[in-house]
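> This is the structure I have questions about; it appears just below.
Nothing in this text is a laboratory measurement; each read-out follows from the coordinates by a stated rule. Note that this is a predicted model, so its numbers are computed, not measured. In this analysis, Cβ positions are derived from the backbone assuming ideal geometry, glycine residues included, and neighbour counts consider all displayed protein chains.
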Amino acid sequence: MEFSFWPMLMQLTTFLILLVALGEAGLVLLSGVRRYFFQQEVYSNALENFEERLMAARSVRIDRGRESTSWAGFRKFRVAEKVDEGGGIASFYLEAHDHKPIPSYRPGQYLTFSLDVPGESRPVIRCYSLSDAPDPTRFRVSIKRIPPPRDRPELPPGRGSSYFHDQLGVDSLIDVKAPAGDFSLDLSRGRPVVLIGGGIGITPVLSMLNALADRDFDREVYFFYGVRDRDEHIMPDHLASLAARFPQQLHMHICYSQVPEEELPEDPACRYHAEFVSVDLFKRVLPSSNFEYYICGPPPMMNAVTTDLREWGVPDSDVHWEGFGPATVKQSPLAKKVGAETANLTVTFARSGTEISWNPESGSLLDFAEEHGIVIDSACRAGSCGTCVTAIKEGETQYIADPGSMPDSGTCLTCISVPKSDVVLDA
């Protein structure tokens, strides 16, 4: 049999040509695929940058609108509606008495009220958190009637809360300062958040929750609400309806500290727990610690949660909290650290012409002043509202809790300050 070399060579050549052609086609296809994914990435980045610019522009527009409709001092508002929420809590819907526009606000902020409480020689100043999403027509605050302390039943109930519950009804007028406060949620950011409310401390985080609901929850949200039992659980239907409407974005957790496990409610939209709100619970529920945390509640809860979050490795910059009342201040780590370091100092109240040896047991300069009959206006008593700011004429003071926002140089928030040296205050 004669061997034919040329046909085989032709077949091999044809095969090589086809192989090269296929390789070139593959390179062209690969280049096209790479170009496609590159263009998709460019498009995605451009879209993300556009959304960020849009959110920033919207935030600037809101801030400008807020500034243009804000006001200085106190302004008359009318109680348009009063709603019993249960658990000793009532919501008050407030509309401007002059019918002029009202500003928007950042969810989590508060209103400051001047109350003409019967029997008081001067107005009582109180701060209460806004409890709803911003509304262009009215404000809402939800206020719990504060009874006497359990261990001191002979003491009177809360003056501010009693005034709201007992003296104010529909069409009552009240003096209100514009929304303020640095404990607030930045709606222009998209990072997932954990909102934590204990008791009546739910009000500012409820405002945040409702504001996020208005935006169809454009981020993942875990909401933890701690109360003793169903009777203290305010707006249960509203919270459950939000959880049912947004099952993917909103994770609702209700903690009943005084209800056995077998008696917890069953709700497919909400998870109930027979325990206190705690970081141990977060570790069982959250996919990681990589969230921003917003916390408001009783001092023991807040101290435990903030301390345990730090131990869990959560940066302080990711933990935002708001305290209320002197108990928050006196239990702060800074207060415990200062302690007896402030002994043997003298405090002078210049306008009163009074010089007194400082007593560290008083707690704060505001408490110390009140013990000696010296009046300094105050409201939150936790370093948040700025009502008690007082000029320092001589000497230095130091803070025993972190201020909500630092006051001007040469002044101090007396509700969270103690003397660092002999000091003269303009009071």
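> Using the Karplus equation 6.51 cos²θ - 1.76 cosθ + 1.60 (θ = phi - 60°), what ³J(HN,Hα) coupling, rounded to whole Hz, does each residue of segment 383-388 give in order, writing x for Gly and Pro?
x, 9, 8, x, 5, 8
> Pop a pseudo-label 7 angstrom from the Cα along the beta-carbon direction at both Val124 and Asp171 and give the gap in nm to one decimal.
For the pair Val124/Asp171, the computed spacing is 2.5 nm.
> Sorted by average packing, counted as other Cβ atoms within 10 angstrom per residue and highest first, what order do 101-107, 357-363 take?
Details: 101-107: 21.3, 357-363: 14.9.
Packing order, densest peptide first, comes out as 101-107, 357-363.
> Which residues' amide hydrogens lie under 5 Å from the amide hydrogen of Ile146, considering only partners 5 or more residues apart or on another chain, with H built in the peptide plane?
Long-range HN contacts for Ile146: Gly158, Ser161, Ser162.
> Moving to a separate point now. Starting from the Cα of Lys100, step 7 Å toward the Cβ, then list every residue of segment 168-212 with an amide N under 16 Å from that point.
175-179, by backbone N distance to the label point.
> Next up: So if we plug the beta-carbon distance of Arg150 and Asp267 into 1/(1 + (r/R0)^6) with R0 = 41 Å, what FRET efficiency do we get, rounded to 0.05? Walk me through the intermediate numbers first.
Numbers: r = 31 Å, r/R0 = 0.75.
About 0.85, to the nearest 0.05.
> So, in nm, how far is label Asp318 from label Ala72 when the simple model puts each one 7 Å beyond its Cα toward the Cβ?
Each label point is offset 7 Å from its Cα along the Cβ direction, giving 4.2 nm.
> With labels modelled as points extended 7 Å from the Cα through the Cβ direction, what inter-label distance (nm, one decimal) is found for Val285 paired with Glu361?
Here the modelled spin labels are 4.2 nm apart.
> Between the alpha-carbon centers of segment 142-175 and segment 360-427, tell me the distance in whole angstrom.
Each part's Cα centre sits 26 Å from the other's.
> Quick one: Karplus J couplings for segment 149-161, per residue in order, coefficients 6.51, -1.76, 1.60, θ = phi - 60°, nearest Hz, x for Gly and Pro?
These are the phi-based 3J(HN,Hα) values: x, 4, 8, 9, x, 6, 6, x, x, x, 5, x, 5 Hz.
> I'd like the distance separating the alpha-carbon centroids of segment 202-219 and segment 226-278, in whole Å.
17 Å
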